[in-house]
Structure formats: C-alpha cells, structure tokens
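The values are calculated or read from the model by the stated rules, or taken from the named source; none is laboratory data. The shown structure was predicted, so the numbers you read here are calculated from the model rather than taken from an experiment. Positions of Cβ are generated from backbone atoms using ideal geometry, with glycine treated the same way; all protein chains shown enter the neighbour counts.
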Amino acid sequence: MRTPPRSRKRVYYPFALITSVTLFLTACGSGADDTAAGGTARAAAESDAIPTQDVVSTVGKDPAAAALLPSGVTGLTVAVSVGGTPPGTSLLDDGRTLAGQDIDFTRAVARVLGLDLRTEQAGFEAILPALDSGKYDVGVSNFGVTTERLKTIDFVTYINDGQGFAARADSELSEVTDLKQLCGLNVATSAGTTFEATLEDNEHVCTDAGEKAYTVQTYSEQGALWSSLQQGRADVVMSTINGLRYAVAHQDGVKFLNEFHRLDVGFAFKKGTKLAPAFQAAVDRLIADGTYARILEKWGTTGSAIEKSQISPPEHED
C-alpha cells in the first residue's frame, strides 16, 4: 500500500490530541483560488453548513447495468472513513447521518444497480487492507488510483482529484512545483494517505541537495491538521485538491498554493473483483442522465469531473 514511514522524521499526532474540526468552520476566508476549478469550491463554501440537498433519490434502476452484477448479489457492505470536511464524509448535526460527495456517489450507484447497502465506518488506513480480507465489499473514501495501490486493489473511477498544497497567507511560498521547495519546513498531512507516502518517498531530495530535510507531521483528523498550520506548528499542508479549496474558503489567514499531482479517484475493491463492470456502467449512467453533474455542483467540485468511468487505469504521469 504505502511506503513504511521513516520514524526519525515522521511526527505522529494521535486522535486524543486533536482539535475539533469545527475550529476552522467558523468563518469564510478569502484565500481560495477562483479559477474555473476553484470557483465552484468558493460557491459551495459561502455557508458553513454541510450541503444537504437531495440529488440522489430520483435515480432509478438501470436493468442493463444491474445485469452486469455477479449472480445473486443484491447487497454490499461499504466501508467509509468519517471525520473529514466537505466534500469528504462528515456527520450531520444529528450525529448519525452521513453526508459527503463519496456518500452521494455511493448511494446513486446503488440505486442504479438496485443494491441494498450496509455502510460501516472505518479508519482510512484500515479500509484497503480489509478489502483483501473480505471484511468489506467496497471502500469509498476519496481513494486515489496509484501504481502502488493497483498491485492489490481494483478501482472504478468516478472523479479526478489529487494532491495539492496550502499555507498561511503570510508564507513566502506561492506554489510548490518541486518538493525541494519544502526543505527545512514542517509539512502537515493525513496519516495513511498518498500524501504521506509521496513525502516519505521523496525525503531524500533535500539531503541529496545538501539541504535540511523537511519534517512530515501526520494527523488522524482534519481539524488538527489545520490547527497545526494556523498555530505555526506546520508551515505547509498537503492534502486533496478539493479538500484544500473548501477548507481555505472557510477560514481566514490561509491560501491555496497549487495543484501538485492529479489522481483519478475511485471505488476500491479487492483485486480481481467481479463487481467492477457493473459499477463502471452505473457511473457512466449517472454521467449520462445528469445526476453526476448535480452531485459535483452540490459539493463544489465541478473541476474534478470525468467524461467516462474507467476500471483500474494507470496512475497519471504529470
């Protein structure tokens, strides 16, 4: 899955020490990039309330797509990581109802295929290994399609997101095009992600250049990640492009730097799954009937649209 961490530089912050996610959901900032890809993120961030409009319940079953399911499959167990911020999966104020872009896509696909879903919450790092054991049928948590993950996981893509950076508004950084620009800095990111793996795999770029290595700080929850930046413990945050745009639009004193590496994002399955063709057909159906566009508009992620779903495509090289 990911490269094992190098303990001499990796700083891990456990859940017990985190700050509530509500820390940065108290004010709309002015730092979001208002380009075509980012403008919709700002539109979605005009209110701190998590979007709740129903864009899924009118979706009907597609017999042709459903016919692609393996014989006898009528329901699936879906694992989702909860605790992020929109467009990631969050809990509404009732403490029970899940909301997020991944949830909308999962429910919409289930309606196209006529499937009953059992949704279970799980830690982000635990989901992909549990697919191989058969504990879950599908994993849905903005999983990027990477070369390393493709060794053990099959994906059915539904959006294109990727890796990006953000910093405090007073940072001298305007963009990060080379990780050597991070030398000597503290970089905050989420544990068990492609961001952590990318940073750890490339720690040598600084020492190779005769400079002080950057320090990787990993967090189990998004609220703690952003408080580390605001309070000066971290200099830069590395996270999802869509998540960064949303978060920056909700808080003062921070800015979105740039997109670093685009990745397809997909439903995750055990390698060799027979569910992939049906899920691919379902996503394509949602694109064709307009539901797909409505989901992206709801979450302010229209810049991440894809034209057609793919099964386990190679990682983007950019």
Query raised in the report: Does at least one position in region 171-178 carry a residue that is at positive phi, without any contact (Cβ under 8 Å) to a residue 24 or more places away in the chain and either crowded, with 19+ Cβ neighbours inside 10 Å or out of contact with any Lys or Arg (no Cβ under 8 Å at 6 or more places or on another chain) (or both)?
Result: no
Query - Per-region count, region 108-127, residues touching a Lys or Arg at 6+ places or on another chain (Cβ under 8 Å) and either crowded, with 22+ Cβ neighbours inside 10 Å or closer than 18 Å to Leu296 by Cβ (or both) - result: 3
Query raised in the report: Only one residue in Ala282, Ala293, Ala247 is at pLDDT 95 or above, crowded, with 24+ Cβ neighbours inside 10 Å and in contact with a helix residue (DSSP H, G or I) (Cβ under 9 Å, 6 or more places away or on another chain). Which one?
Result: Ala282
Query raised in the report: Any chance region 141-157 includes a residue that's assigned by TED's automatic domain parsing to the domain that holds Ile287, within 17 Å of the chain's Cα centre (by Cα) and basic (Lys, Arg)?
Result: yes
Report task. Specify which of the listed residues (Ala293, Ala247) is more than 30 Å from Thr177 (Cβ to Cβ) and outside any strand (DSSP E or B). Result -> Ala293
**Report entry** In region 296-308, the residues that are under 17 Å from Leu244 (Cβ atoms) and outside any helix (DSSP H, G or I)
**Finding:** Gly300, Thr301
**Report entry** Residue in region 217-224 that is under 14 Å from Gln163 (Cβ atoms) and crowded, with 23+ Cβ neighbours inside 10 Å present
**Finding:** no
Requested in this report: Select, from Leu150, Leu179, Leu185, Leu199, the only residue that is over 19 Å from His316 (Cβ atoms) and not hydroxyl-bearing (Ser, Thr, Tyr).
Outcome: Leu185
Query raised in the report: Taking the condition surrounded by 18 or more Cβ atoms within 10 Å (Cβ to Cβ), modelled with pLDDT of 95 or more and either among the aliphatic types (A, V, I, L, M) or under 20 Å from the mean Cα position of the chain (by Cα) (or both), does Ala65 pass?
Result: yes
**Report entry** Looking only at region 129-168, and only at residues there that are closer than 16 Å to Glu196 by Cα and of a type in the set (A, V, I, L, M), the one that is surrounded by the fewest Cβ atoms within 10 Å (Cβ to Cβ)
**Finding:** Val145
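Residues are listed down the side, and each one gets a yes or a no for (1) of a type outside the set (Phe, Trp, Tyr); (2) in contact with a Ser or Thr (Cβ under 6 Å, 6 or more places away or on another chain):
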position: Val138; (1), (2): yes, no
position: Phe143; (1), (2): no, no
position: Asp154; (1), (2): yes, yes
position: Ile159; (1), (2): yes, yes
position: Thr194; (1), (2): yes, yes
position: Glu200; (1), (2): yes, yes
Query raised in the report: Would it be correct to say that Val254 is closer than 23 Å to Phe165 by Cα, in contact with a helix residue (DSSP H, G or I) (Cβ under 6 Å, 6 or more places away or on another chain) and of a type in the set (A, V, I, L, M, F, W, C)?
Result: yes
Requested in this report: Can you give me the ranges of the helices (runs of 4 or more DSSP H) entirely in region 115-213 with at least 2 residues that are closer than 30 Å to Arg233 by Cβ and hydroxyl-bearing (Ser, Thr, Tyr)?
Outcome: 194-201
